[in-house]
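Beneath this line is the structure, given in C-alpha cells, with notes to follow.
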Amino acid sequence: FGLPSASNYLMYVSHNSAGVPTDVDGDGRVDSGDAITVDSTHGTTNPLYAVHDSSDNMYVLFSSSNNYHVAYLASGTSTWVTYDIDTSGNMGDASMKLVNELPVVALYDTVNDDVIISRADSTLTTWTTETAASTGIIGDGVSLDADADGNLYLFYHNNGGGSYYSLEYTTNASGAWVTETVASSTTYVYSTDIEVVSSNIIVASAYSQSLSSIVYFTRTTAGWGSAQTLAAARSDDLDLGQ
C-alpha cells in the first residue's frame, strides 16, 4: 500500500497465492502501472496499517488531512469501501487491531491530548468511541494490541511539556481503564510498539533520540522492568512482531 508518484490516492499492488506480484496491465513487469486504487475520495493519504481477518477480508487504516478512515475489501471481491472513523481534523497518531474479527483503532486526540478508542460494529458503518486515558499530555506515538479475550493494551508517550517524552501504558483488562508509568526518564520520542506475549507477559519498545537506540521493556506479574537497550539505531520505525 502506498502513494504512487502519479497519484495522491491510496493504491496497492497485490500478489497471488504463491506470493508472486500481480502484473495487472500485462506488460511483463510489476510497477506503478499495476497499482490498484483503494480510495479515490480522500487525496494526499497516508497508509498506516493493513490487516486481514481469518476469512481474508482486508482492512486498511489511513489518514487524510488528519482525519482517519478504514478501507474494507471483502474476500473474493475487487471493490473497496471506505468508512470514516474521525472527521474532526484534530487527530494525531493511530494504531489498529482486529478484535473478534472487527477493527479497533487507537487515536491520539491532539486537541485534548487524550487517547481515544474507536470500535466498529459488524456493518463497519457505525463507530463508537471512548476515552482510554486523559490525564496529562498523552497519546503521541500510540501503539495498540489485544489479548485473546479482547482486552486492549496501549503504549504511548507522556509529554510533560518538554522536548522529550516519558512512556505510559493503559489497559482495560480489569474491566476499567488503568494507567501505569513504564519509564519516566523523559528520553523517548517517536515510534512505539506493544505486544501481548501471554496473559502474564507484555513487551513494549520505543525509540530514544537521546540514546540513539531502540529500547524495550517487559511487564510480568511483578510489574514493568527497567529499559533494555536493543540496538543502536537512527530509524524510529518499530515492529516487535509475534
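Points worth noting:
- Only Lys, Arg, Asp and Glu carry charge here, each on its Cβ (+1 for the first two, -1 for the last two); on that basis the stretch 54-162 has a dipole of about 180 debye about its Cα centre.
- For the stretch 140-208: rounded, prolate or oblate by the Cα gyration tensor [a/c cutoff 1.5]: prolate
- When the alpha-carbon atoms of the stretch 74-138 are used, the pair Rg, Dmax equals 13.3, 45 angstrom.
- Between the stretch 159-211 and the stretch 80-151, the Cα center-to-center distance that results, in Å: 17
- Gyration tensor (alpha-carbon) shape descriptor, the stretch 86-177, a/c threshold 1.5: oblate
- Cβ-defined net charge surrounding VAL182, 10 Å radius [Lys, Arg +1; Asp, Glu -1]: -1
- Calculated on the Cα set of the stretch 121-160, radius of gyration then Dmax: 12.9, 40 Å.
- Fully extended contour minus Cα-Cα distance, from ASN112 to VAL51, at 0.36 nm per residue: 19.1 nm
- For the pair ALA74 and SER40, a Förster radius of 25 Å applied to the C-beta separation gives a FRET efficiency near 0.85, rounded to the nearest 0.05.
- Estimated distance in nm for a label pair at ILE201 and THR129, the labels positioned 7 Å out from Cα along Cα-to-Cβ: 3.7
Every number here is computed from the coordinates shown, using simple stated rules; none is lab data. Predicted model only: the values in this text are computed from it and were never measured. Reconstructed Cβ throughout: ideal geometry from the backbone, glycine too, with neighbour counts over all protein chains shown.
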